[in-house]
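Take a look at the structure set out below.
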Amino acid sequence: MKIQVNDKNSELVSIFTKHLSWHKARITFLTKTVLSMIKLQPVNFIKLSQGFESNAQVQSNLRIIQRFFSEFVINEDIIAKLLFAMLPDNVPPRLCLDSTNWKFGKTDINILMLSVAYRGVSFPLIWKLLPKRGNSNHLKRTKIMTRCQVSQGFLVTPRFF
């Protein structure tokens, strides 16, 4: 299916269409969101809506963003495959396994994340919210690496760490 967009967006839309079996409107929305985030670098929906290149009013863009993220379930494995597929073939992937741990009020937040680094930017592939404070154990780290091996179709060796 060919999606009509301007030349600036066509390559990104083509990549998304190839890897995601989403409706045309969702592909277009994702393209606008990614371009807006690159341009403005926010994670705030209001700022994102201001960065959309469209004839719609900012409030309309904001409602579209809110509706998308409240109603549409994004498959993490598909996004991980998409991000990995967008990396150049001639560069071996550098995988990074890290965790972050903080408190939000009385709630502990602990995220174990596997990402791929490219040109100084780390792109999250797979993450797991851990139900406790402190370090992850060997089993949790092995599970996240195994999930990557299965979902990405590549062999992870220690040289990537």
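Restrict the check to the stretch 138-152 and report whether at least one residue is on the phi > 0 side of the Ramachandran plot, more than 16 Å from the chain's Cα centre (by Cα) and modelled with pLDDT under 80.
Of the stretch 138-152, the ones on the phi > 0 side of the Ramachandran plot are none.
Within the stretch 138-152, not a single residue is on the phi > 0 side of the Ramachandran plot, more than 16 Å from the chain's Cα centre (by Cα) and modelled with pLDDT under 80.
Going by what's in this entry, would S70 be described as closer than 30 Å to L130 by Cβ, modelled with pLDDT of 80 or more and not assigned by TED's automatic domain parsing to the domain that holds T146?
In short, yes.
Residue check: is F84 among the aromatic types (F, W, Y) and farther than 30 Å from N137 by Cα?
Considered against the rule, which asks whether it is among the aromatic types (F, W, Y) and farther than 30 Å from N137 by Cα, F84 comes out as no.
When the stretch 104-134 is examined, which residues are found to be assigned to a strand (DSSP E or B), out of contact with any strand residue (DSSP E or B) (no Cβ under 7 Å at 6 or more places or on another chain) and loosely packed, with under 13 Cβ neighbours inside 10 Å?
F104, T107, V121
Keeping to the stretch 69-100, report how many residues are basic (K, R) and within 16 Å of the chain's Cα centre (by Cα). Steps first, answer last, please.
Keep residues of the stretch 69-100 that are basic (K, R), which gives 81, 94.
Filter again for within 16 Å of the chain's Cα centre (by Cα), leaving 81.
Residues that pass the stated criteria total 1.
Which residues, taken from the stretch 94-115, are polar (S, T, N, Q) and under 11 Å from G134 (Cα atoms)?
Matches in the stretch 94-115: S99, T100, N101, N110.
With the requirement that a residue be surrounded by fewer than 14 Cβ atoms within 10 Å (Cβ to Cβ), of a type in the set (A, V, I, L, M, F, W, C) and either over 22 Å from E11 (Cα atoms) or touching a residue at least 60 places away in the same chain (Cβ under 8 Å) (or both), what does the stretch 71-85 give you?
Residues satisfying the conditions are F72, V73, A85.
The values are calculated or read from the model by the stated rules, or taken from the named source; none is laboratory data. Bear in mind the structure is a predicted one, so any value in this text is a computation, not a measurement. Glycine also receives a Cβ, built like all others from the backbone with ideal geometry; neighbour counts cover every protein chain displayed.
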